[in-house]
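Enquirer: For reference, the structure I am asking about is given below.
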Amino acid sequence: MTTCVFVQLRCKPGTTYKVAEEIMLREIHSELFSTSGEYDLLLKMYIPNDKDVGKFINDRLLDIEGIERSLTTLTFNAF
């Protein structure tokens with residue numbers, strides 16, 4: 001089983017496409033969107049239940065150069 005998590009990313013100015021390319025190369029996402037508003041990217045990912053969500057995101061996503069801030073939303077049920 002997996003946990004569905006949405007992560008919004010704010011990127012340093014001019015780095016959004018570079019950050020998106022790096023995420024795609026790492027193949028850690030299900031879907032990746034550019035967005036308007038406070039955050040630049042919206043990432044949907046599935047994290048194995050035996051992994052710590054915070055550590056997984058920190059180790060595999062947040063070390064990408066250009067990410068300034070993140071907002072993670074955990075999910076419970078899909079309807």
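No value in this document is a laboratory result; all are computed from the given coordinates. Source: prediction; values computed, not measured. In this analysis, Cβ positions are derived from the backbone assuming ideal geometry, glycine residues included, and neighbour counts consider all displayed protein chains.
Enquirer: Please work out how much length the chain gains when fully extended from GLU22 to TYR46, using 0.36 nm per residue of separation minus the C-alpha to C-alpha distance, in nm with one decimal. Don't jump to the answer; show the numbers that get you there.
Expert: Values: separation 24, 0.36 × 24 = 8.64 nm, distance 1.75 nm.
Length difference between fully extended and current span is 6.9 nm.
Enquirer: Counting only helical runs of four or more DSSP H residues, what would the 222 nm mean residue ellipticity of the chain come to if each run contributes -39,500 (n - 2.57) and the total is spread over all its residues? Numbers along the way, then the final one.
Expert: Details: 2 runs with 19 residues, N = 79.
Per the formula, -7000 deg cm²/dmol.
Enquirer: Continuing with this model, one more query. Evaluate the relative contact order of the stretch 2-74 (contact order divided by residue number), counting alpha-carbon pairs under 8 angstrom at least 6 apart; express in whole percent.
Expert: Numbers: 113 pairs, mean separation 37.5, N = 73.
After rounding, I find 51 percent.
Enquirer: Can you put SER34, SER70 in order of Cβ neighbours within 10 angstrom, beginning with the fewest?
Expert: Neighbour counts put them in this order, fewest first: SER34, SER70.
Enquirer: While we're looking at this one, here's another question. Specify which labelled value, from (i) 1.32; (ii) 2.32; (iii) 1.05, agrees with Cα Rg over 2.2 N^0.38 Å derived from the coordinates of the model shown.
Expert: (iii)
Enquirer: Angle, helix 16-26 long axis vs. longest principal axis of the chain, Cα atoms, 0 to 90°, nearest 10?
Expert: Value to nearest ten degrees: 40.
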